[in-house]
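To keep things clear, I will list the structure first and then write my remarks on it.
The values are calculated or read from the model by the stated rules, or taken from the named source; none is laboratory data. If you're wondering where the values come from, they're calculated on a predicted model, not measured in any experiment. Neighbour counts are summed over all protein chains in view; Cβ atoms, including those assigned to glycine, are modelled from backbone coordinates with ideal geometry.
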């Protein structure tokens with residue numbers, strides 16, 4: 001059976017439209033050696049509500065109707081989506097088989113990513129393109145490991161390497177979590193010092209959340225509404241507490257077809 005992978009992007013609101021300007025709070029627990037990655041270009045200082053609605057309609061190729069766009073709270077200024085296109089390379093530095101991010105030497109990988117970015121810039125000159133490194137910071141495992149959680153947390157030294165790579169090409173970073181038999185409630189707080197940075201966002205993998213008690217990769221796992229709500233509320237709190245631009249949550253979606 002062929003499995004297709006889709007990514008769903010959710011823009012998190014920093015609470016409301018009139019939040020504080022998107023700068024990092026001086027109390028933010030950010031390592032001073034890693035906090036100098038600037039926000040990518042194309043980030044609106046003031047939210048352009050007309051452009052926002054236009055971009056939302058373009059995403060689904062629809063004209064306005066009673067049902068679309070859904071009436072919702074607008075994102076705070078500094079939201080990357082839907083004003084930009086994000087092109088990401090995915091993987092883990094310990095594995096050549098989990099994605100191109102770990103399959104190529106860093107300089108070659110970054111050069112290839114920049115080539116992809118330029119292709120998209122030429123294909124759509126109206127939408128700014130932002131490069132991203134999507135790093136699997138917690139990997140599902142076939143063996144129980146410590147605590148019988150069937151997951152392995154990457155050392156912070158590896159995450160630091162990703163941030164340094166991202167800085168070279170002004171990329172944003174996604175930290176990805178495959179919980180195995182653990183939970184988002186246990187894993188997300190472990191990464192708070194990184195998620196408190198304005199350029200770091202979150203990805204979560206339902207397919208490796210084994211609520212059925214099975215070994216990861218022997219069946220497709222699941223998250224429920226409580227899991228998604230926890231992740232969004234956690235990131236929203238960080239955005240408010242540290243005066244950050246809205247965060248992006250990536251939810252991996254597995255289906256049997258397009």
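Restricting the first member to the range 89-100 and to residues that are touching a residue at least 40 places away in the same chain (Cβ under 8 Å) and at positive phi, and the second to residues that are in a loop (DSSP other than H, G, I, E, B) and surrounded by 13 or more Cβ atoms within 10 Å (Cβ to Cβ), the beta-carbon pairs closer than 9 Å and six or more apart or on different chains are 91/98; 91/99. Considering (1) out of contact with any strand residue (DSSP E or B) (no Cβ under 9 Å at 6 or more places or on another chain); (2) in a helix (DSSP H, G or I); (3) at pLDDT 95 or above, the lone condition that residue 240 does not fulfil carries the number (3).
Of the candidates 108, 54, 71, 114, the single residue that is more than 16 Å from residue 175 (Cβ to Cβ) and either in contact with a helix residue (DSSP H, G or I) (Cβ under 8 Å, 6 or more places away or on another chain) or in contact (Cβ under 8 Å) with a residue 24 or more places away in the chain (or both) is 114. Here 157, 96 are screened, and the one residue that is surrounded by fewer than 21 Cβ atoms within 10 Å (Cβ to Cβ) and modelled with pLDDT under 95 is 96.
For the range 209-222: of the residues being under 13 Å from residue 252 (Cα atoms) and modelled with pLDDT under 95, which is surrounded by the most Cβ atoms within 10 Å (Cβ to Cβ)? Explain how you work it out, then say what you get.
Our first condition is that a residue be under 13 Å from residue 252 (Cα atoms); within the range 209-222, this holds for 209, 220-222.
Checking which are modelled with pLDDT under 95 leaves us with 220-222.
Numbers: 220: 16, 221: 22, 222: 13.
By that ranking, first place goes to 221.
Residue count for the range 113-148 under the criterion of being crowded, with 20+ Cβ neighbours inside 10 Å and not in a helix (DSSP H, G or I): the result is 12.
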